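Right, one structure below, let's go through it.
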Amino acid sequence: MTASSPSQNPAASHRGRPGPLPLGQAEAPVVGELPAGSQQPSTTLVRRAFKHPRLMPYNRLIAAVVTANLVLLGYAFIRGGWWSGRSTALEAIATIAQANFALAIIFRQQYVINFLCRLATRAPTTWPLKLRWTLAKVYHFGGLHVGAAVSGTLWYLIFVGSATYSVAQDPGSVSIGNVVISYALVTLFIVMVIMALPPLRAHAHDSFEITHRFCGWAALLLVWANTVLFVSSRRGEASAAAALLTAPTIWMIVVTTTAAALPWLRLRKVSVTVERPSSHVALVRFDHGVTPFIGSVRPISRNPLLGWHTFASIPAPTLSPGGYRMVISRAGDWTSEFIDDPPSQVWVRGVPTAGMANVRKLFKRVVYVATGSGIGPLLAHLLADEVPAHLVWVTRSPRKTYGDALVDEILAVQPDATIWNSDEHGKPDMVQLAYAAYRSFGAEAVICVANKKVTWQVVHGLERLGIPACGPIWDS
């Protein structure tokens, strides 16, 4: 199988896509070269700087949340009088700490994610491209989670230090139980923050998942105990019930607990059928009465408490209503075991959640760029065919790896797709290949799903040229 090259005539088909080139008859695109007569757009130093990976919206949101908390801390020190003489505003410190943790969990809640994505993608394509480009970064909201979690941990450290100081100054001002639980909580939070650091999360993802889940659940229980104990000990003349019902920290914990528990209340074990077109890929079919919306993703696991992995939901028209599929490729111990020893049942939890590629709705024409099993998250969008699009898929021997049925299904909706067989043509220059397709197709944006290194090369390489580009963040 050879590759299909993008046509130079964007008006060659009724949908404005390049005219179809029979797969196996076209020459491979020239690596490292641009379409004839095209020039890379020049950009300013400021634009190139702000499109650096270190300054992507995700990191800017982290910085914004942390900065806002530091400003509040400065106010508390300088003008708020939270630490004056022998008194400390422990209630205010506890409220700010709990508010940060509540926000951190809320911004990971599936219903909230779906709401944010639907709100952002409702913008009409008549709006200015720069504004739509900004809205397309909605999936960077994870930066709010990280910023709030880090800030909450810092505030809890301040609470522990302040409570310890208060006990030293006035032994009856804070209960020993509060101090002991607070130290245990801070330990859990620090462990979670350390394990969530990108290098550790990438190299020890299973340990990251275990600590985040079980330390998080333990912390939630301890926060309940600590808050109830703290509020009750400071109720004064009020009854314990009245004090608890009027304490803002209690209601924050109620919201936090609800947000954390909802996905687990929808935990289900469902039957699946697994097809293995090759030793590298498993096509998993579900038919349990759920119809995921286009572009949604869902976590699955063989164990309800461990080993959760998220995959894109792909419509399965050959099944009864409600059926869908997932593409799982060999990329680690969990996926290797799944492919080599496929289960008959898996666990699912929560609700289908909006994936990154849903931002396609914000653009008039898009180019999808995928490598290997990155085709999975894009396939539902291709099959829906709601936005004029051109596919660039770089993979090893697509028919041999993914099977004739899947490749034919792709070609049925993308007969002009650029399918690059890396076994025959080697690895291409992905930025140049994406840019060539963007220019020849007349697209407004590029959506890339590949491994982390390639995705960031394509996304940031194109954005530094002034081209809207989107790709996964790898923050979960």
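Numbers below:
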| read-out | value |
| --- | --- |
| With Cα atoms, 0 to 90° folded angle of helix 248-265 axis to the chain main axis | 40 degrees |
| 3J(HN,Hα) from dihedral phi, the range 171-186, Karplus parametrisation 6.51/-1.76/1.60, rounded to Hz, x for glycine, proline | x, x, 6, 9, 6, 4, x, 4, 5, 5, 5, 5, 5, 5, 5, 4 |
| Cα centre as origin, Lys/Arg/Asp/Glu Cβ charges: the range 219-349 dipole, Debye | 220 debye |
| Sum of -39500 (n - 2.57) over DSSP H runs of 4+, divided by residues of the chain (222 nm, nearest 500) | -14500 deg cm²/dmol |
| Cα Rg over Rh - the chain, Kirkwood | 1.04 |
| Helix axis angle, 90-106 relative to the chain longest principal axis, alpha carbon, degrees | 20 degrees |
| Members of LYS51/LYS427; LYS130/LYS364; LYS361/LYS452; LYS51/LYS453; LYS269/LYS452 lying beyond 21 Å, as alpha-carbon distances in this model show | LYS51/LYS427; LYS361/LYS452; LYS269/LYS452 |
| Dipole-positive endmost among PRO171, VAL392, ILE410 within the chain (Cβ charges, Cα centre) | PRO171 |
| 5 angstrom amide H check on VAL394, placed H, neighbours 5+ away | ALA370, THR371, GLY372, TRP420 |
| Segments 375-384, 225-234 sorted - mean Cβ within 10 Å per residue, highest first | 375-384, 225-234 |
| When the convex hull of its Cα atoms is projected in every direction, mean area for the range 267-349 (nm²) | 5.1 nm² |
| Trypsin sites (Lys or Arg not before Pro) within the range 82-148: DSSP coil, no more than 16 neighbouring Cβ in 10 Å | ARG86, ARG122 |
| Under Karplus coefficients 6.51, -1.76 and 1.60, residue-wise ³J(HN,Hα) of the range 437-445 in Hz, glycine/proline x | 5, 4, 6, 5, 8, x, 7, 9, 7 |
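Each value in this text was obtained by applying a stated rule to the coordinates, not by laboratory testing. Only a predicted model underlies this, so the values are computations on that prediction, with no experimental measurement involved. Cβ sites come from the backbone with ideal geometry, for glycine too, and all protein chains shown count toward neighbours.
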